[in-house]
Amino acid sequence: MLIFTFCGSAWLEIYLKTGVLRRIKRVAISVLPISILFLAWDAYAIAQGHWFFDREQILGIYGPLNIPLEEYLFFMVIPMAAIFTIEGVTTVKPHWRKDEFGE
């Protein structure tokens, strides 16, 4: 599903030339702080036994804090898909873009 989600929106970067990946630092500043917060929340919930991942539904690759790879990817792919989509829409409909520079 993560691959489908990514491919379902990343084509906008190629086709519409939105420039999201050219501004990867901006994407990272947008995505990483919230991702870290939610990953910490996941780690706490897993440690407390409130949250778990079905071993039949994951690859079995775990990162730091005993969190599956898919969960790390989820918190990167889903926000990036949203950014690709928003940038795609505002490229086609520039009048929907709010003034980014306060002018």
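Does region 1-79 classify as rounded, prolate or oblate by the C-alpha gyration tensor (a ≥ b ≥ c root eigenvalues; a/c under 1.5 gives rounded; else a/b over b/c gives prolate, otherwise oblate)?
On the way: a/c = 3.41, a/b = 1.77, b/c = 1.93.
It is oblate, given that a/c is not under 1.5 and a/b is not larger than b/c.
Helix 69-92 and the long axis of the chain differ in direction by around 10°, with both axes built from C-alpha atoms. Protection proxy ranking for 20-26, 91-97, 68-74, using the average of other Cβ atoms within 10 Å per residue and placing the highest first: 68-74, 20-26, 91-97. Summary value for the chain: 41 percent relative contact order, contacts being C-alpha pairs under 8 angstrom separated by 6+ residues.
Values in this text are rule-based calculations from the coordinates and carry no lab data. Values in this document were obtained by computation on a predicted structure and should not be read as measured data. Methodologically, a virtual Cβ is constructed for each residue, glycine included, from the backbone with ideal geometry; neighbour enumeration extends over all protein chains shown.
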